[in-house]
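See structure below.
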Amino acid sequence: RREISVRRKLREMKVAFSLEDAYTKTEILEAYINQINFDGVYGVQSAAQHYFDKDASQLTLRKRRCWRPSRGRPPATRPFATRIARCPGATSCST
């Protein structure tokens with residue numbers, strides 16, 4: 001089992017190096033944050049529009065602290081939307 005894990009990690013390293021050769025770190029980060037799942041709303045900008053009806057750059061630090069993306073598949077209980085509902089200025093918690 002360890003051997004499989006080592007092989008997988010080596011493949012992941014190869015992909016990471018290929019990405020770093022093709023894109024800047026800023027481009028890689030931008031691609032990543034545009035794919036984060038916020039209870040069915042994907043990407044930081046889309047989530048800011050959906051939950052706060054604002055551009056992501058206009059969110060206060062207090063509102064940004066409410067954000068924690070869902071990991072893995074979205075849970076049935078939608079904890080992200082529940083956290084956002086308690087945040088100041090949230091306009092929507094339904095998808």
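The values are calculated or read from the model by the stated rules, or taken from the named source; none is laboratory data. Quick caveat: nothing in here was measured; it's all calculated off a predicted structure. We place every Cβ from the backbone using ideal geometry, glycine too, and count neighbours over all the protein chains shown. Remember, those area values only see protein heavy atoms, side chains included, never the ligands or the DNA or RNA. Shrake-Rupley method; radii C 1.70, N 1.55, O 1.52, S 1.80 Å.
A Cβ distance below 6 Å, combined with a sequence gap of six or more or placement on separate chains, defines the contacts here; from the stretch 39-53, residues that are in contact (Cβ under 8 Å) with a residue 12 or more places away in the chain and closer than 15 Å to Arg65 by Cα reach residues that are open to solvent by 20 Å² or more (accessible area, probe 1.4 Å) and assigned to a helix (DSSP H, G or I) in the pairs Val44/Ile33; Val44/Ala56.
Hey, can you tell me all the residues within the stretch 16-48 that are of a type in the set (A, V, I, L, M) and either loosely packed, with under 10 Cβ neighbours inside 10 Å or in a loop (DSSP other than H, G, I, E, B) (or both)?
Within the stretch 16-48, Ala22, Ile36 qualify.
Could you tell me whether Lys54 is outside any helix (DSSP H, G or I) and in contact with a helix residue (DSSP H, G or I) (Cβ under 9 Å, 6 or more places away or on another chain)? Yes; evaluated as a whole, the condition is true for this residue.
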